[in-house]
1. Can you list residue pairs whose Cβ atoms sit under 6 Å apart, with the first residue in region 291-312 being within 22 Å of ASP187 (Cα to Cα) and the second being open to solvent by 60 Å² or more (accessible area, probe 1.4 Å) and at pLDDT below 95? Count only pairs 6 or more apart in sequence or on different chains.
2. Could you look through region 54-77, keep only residues that are under 25 Å from the mean Cα position of the chain (by Cα) and either modelled with pLDDT under 95 or outside any loop (DSSP other than H, G, I, E, B) (or both), and pick out the one that is surrounded by the fewest Cβ atoms within 10 Å (Cβ to Cβ)?
3. Quick one: what pairs do we get from region 168-193, first residue over 18 Å from THR130 (Cβ atoms) and at pLDDT 95 or above, second hydroxyl-bearing (Ser, Thr, Tyr) and assigned to a strand (DSSP E or B), C-beta under 8 Å, 6+ apart or different chains?
4. Pairs, please: C-beta under 6 Å, at least 6 apart or cross-chain, first residue hydroxyl-bearing (Ser, Thr, Tyr) and in region 250-277, second surrounded by 12 or more Cβ atoms within 10 Å (Cβ to Cβ)?
5. If the requirement is being open to solvent by 10 Å² or more (accessible area, probe 1.4 Å) and either among the β-branched types (Val, Ile, Thr) or assigned to a loop (DSSP other than H, G, I, E, B) (or both), which of these qualifies: VAL176, VAL165, VAL219, VAL197?
6. Tell me which residues, restricted to region 222-253, are over 24 Å from LEU126 (Cβ atoms), open to solvent by less than 40 Å² (accessible area, probe 1.4 Å) and of a type in the set (Val, Ile, Thr).
7. Tally the residues that are over 22 Å from the mean Cα position of the chain (by Cα), over 21 Å from GLY145 (Cα atoms) and among the aliphatic types (A, V, I, L, M), restricting the search to region 211-242.
8. Pick from VAL197, VAL165: which is of a type outside the set (Ser, Thr, Tyr) and either touching an Asp or Glu at 6+ places or on another chain (Cβ under 7 Å) or free of Cβ contacts under 8 Å to residues at least 40 places away in the same chain (or both)?
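The values are calculated or read from the model by the stated rules, or taken from the named source; none is laboratory data. As the structure is a prediction and not an experimental result, all values here were calculated from the model. Quick reminder, even Gly has a Cβ in these numbers, built from the backbone with ideal geometry, and neighbours come from all protein chains shown. Side chains included, ligands, DNA and RNA excluded: accessible areas come from the protein's heavy atoms. Shrake-Rupley method; radii C 1.70, N 1.55, O 1.52, S 1.80 Å.
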Amino acid sequence: MKAIAYAQHGLPITDPAALIDLDLPLPTPGPRDLRVQVRAISLNPVDTKVRRNVAVSEPRVIGWDAVGIVDAVGSEVSLFQPGDAVYYAGDINRPGSNAEYQLVDERIVGRKPASLEDAAAAALPLTAITAWELLFDRLRIPEGGGKGQTLLVVGAAGGVGSILVQLARKLTELTVIGTASRPDTQDWVLDLGAHHVVDHSKPLTEGLARLGIDAVSHVASLTHTDQHYAQIVAALEPQGQLALIDDPGQLDVMALKRKSLSLHWESMFTRSTFGTPDLQRQHDLLNRVADLVDAGVLRTTLGEHYGRIDAPNLRRAHALIESHRARGKLVLEGF
């Protein structure tokens, strides 16, 4: 099967060897595995972080978003059958979606939204899981709840922010404020449903003050948390909550004490990495998102289509992710 991999970590994405095309054997499903013929994929910051930072002794296929057709199933599979159209984000410890065929545990796979083309659906899995878990599992906002409370989403125009804004606006009573620094990304965030938008290239507290907002009850910090941390702490009301997904070098947790602020981490790979008893919640979550998409409640967050799935196009997509200027999700389709 065709695949794209990296064979040496740390290479700049401008180096043709940073991602290479190669042929690999067709994988054999384990007991709970689906073998999926991959139709479309999308990019996430984790792709670039792994390629840059994780050393390898042999070529590694990465990629953690896919849409495809179930080609074969393991002996204990009960949720899907060959021919089913599926979407999923996968497991960071297994070969990724940048290949014609991929093995994935059925418990972290959902049915593809019937109303979306493959590329549009591929934009959703990882970010939908992350945003859903952050909002409902980590911050513990109940569906239909949050009335009188405010959620500030730092980095709202990116992949996770683009679905988090929709979930918070459509499924809760929270007042949703997104941050974005350019006119086009600010318009994108408002179009997704944010009540307000502020410029995160300027002090957050000043932007909130211009809206007449003294403090917020919840913050979802999705990027550059270390740069915005002091402003986030200042913006949170006493007993507020901060949830984050990025990789700040260091955070001073003592800064949270005076206001009794709580800190929550979200990593959508936690359940698959540790094989948690509630692993199948990601299957249920993805099916729920598919239902909401098909009902017109949520929409795809596809930002740009980067063409067919090959090493040159993936290198271009990695470069845009690394520039931190992507709006929505970058998608590739077909081999």
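1. GLY303/ARG327
2. It comes out as ILE69.
3. Short answer, once both residue conditions are applied: THR175/THR150; ILE177/THR150.
4. What qualifies is SER262/GLN241; SER272/ASP91; SER272/ILE108.
5. From the options VAL176, VAL165, VAL219, VAL197, the qualifying one is VAL197.
6. Answer for region 222-253, where residues must be over 24 Å from LEU126 (Cβ atoms), open to solvent by less than 40 Å² (accessible area, probe 1.4 Å) and of a type in the set (Val, Ile, Thr): just VAL233.
7. Looking only at that region, the number is 5.
8. One residue alone meets the criteria, VAL165.
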